[in-house]
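The values are calculated or read from the model by the stated rules, or taken from the named source; none is laboratory data. Just so we're clear, the structure is a prediction, and the values are computed from it rather than from any experiment. Cβ placement follows ideal geometry from the backbone for every residue including glycine, while neighbour counts extend to all protein chains displayed. Note: accessible area is taken over every heavy atom of the protein model, side chains too, but ligands, DNA and RNA are not part of it. Shrake-Rupley method; radii C 1.70, N 1.55, O 1.52, S 1.80 Å.
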Amino acid sequence: MEITRISPNHKDERGLISDILVHEEIEHVTVITSLKGVERGNHFHKETVQWVYLYSGKLEALTQEGEGEVIVTVLMPGDLIKTDKLEKHALYAIEDSVFFVFTRGPRGGKDYEEDTYRLEQPLRNIFTKK
């Protein structure tokens with residue numbers, strides 16, 4: 001998982017301008033709302049790269065490469081994470097949250113489930129057992 005704290009590119013009396021992604025090919029953009037306590041993901045993609053930008057709320061992001069350690073990061077508004085191909089990932093809503101998912105690859109629109117491979121065990125379960 002790659003995490004970036006997005007800072008404004010421009011600020012004046014009218015407000016802020018922040019570039020979330022620059023020079024990236026994006027095929028799908030999705031807005032997701034999650035109520036506190038909701039867990040999403042617990043899967044990986046063979047051909048899809050995704051970025052998650054947290055707009056509001058607070059999320060716990062869990063990722064795992066191969067059979068390595070489960071990495072847990074708390075995301076705050078303005079945080080952007082990138083999950084690569086084959087990287088297992090899940091999101092847990094610590095608070096009611098709104099986030100944007102930017103996707104490169106087949107996971108979007110009518111092909112939403114085409115490149116989704118569900119995990120047998122949620123990443124939170126693996127993390128808490130260690």
- Return the distance in nm (one decimal) between the two label points of a simple spin-label model at Phe100 and Ile20, each offset 7 Å from Cα along Cα→Cβ. 0.3
- Glu60, Glu114, reordered so the largest accessible area comes first (probe 1.4 Å): Glu114, Glu60
- Query: Cα-based count: Lys pairs in region 15-115 below 15 Å, eight or more positions apart or different chains?
  - Reply: 4
- Task: Identify which of Leu54, Leu80, Leu35 has the largest mean-square fluctuation in a Gaussian network model of the chain, with springs joining Cα atoms closer than 10 Å.
- Result: Leu35
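Compute the signed sum of charges (Lys and Arg +1, Asp and Glu -1) over the other residues within less than 13 Å, Cβ to Cβ, of Gly37.
Value of the local net charge: 0.
Mean shadow of the chain, computed from the convex hull of its alpha carbons, in nm²?
For the Cα atoms of the chain, the hull's average projected area reads 8.5 nm².
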- Please find, in a Gaussian network model of the chain (springs between Cα atoms separated by less than 10 Å), the residue of His45, His23, His89 whose mean-square fluctuation is greatest. His23
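In deg cm²/dmol and to the nearest 500, what is the mean residue ellipticity at 222 nm of the chain if only DSSP H runs of at least 4 residues count, each as -39500 (n - 2.57), divided by the residue total? Walk me through the numbers on the way to the answer.
On the way: 1 runs with 7 residues, N = 130.
Rounded to the nearest 500, the figure is -1500 deg cm²/dmol.
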- Item | Residue-normalised accessible area of region 1-60, given per residue in Å² at a 1.4 Å probe | 68
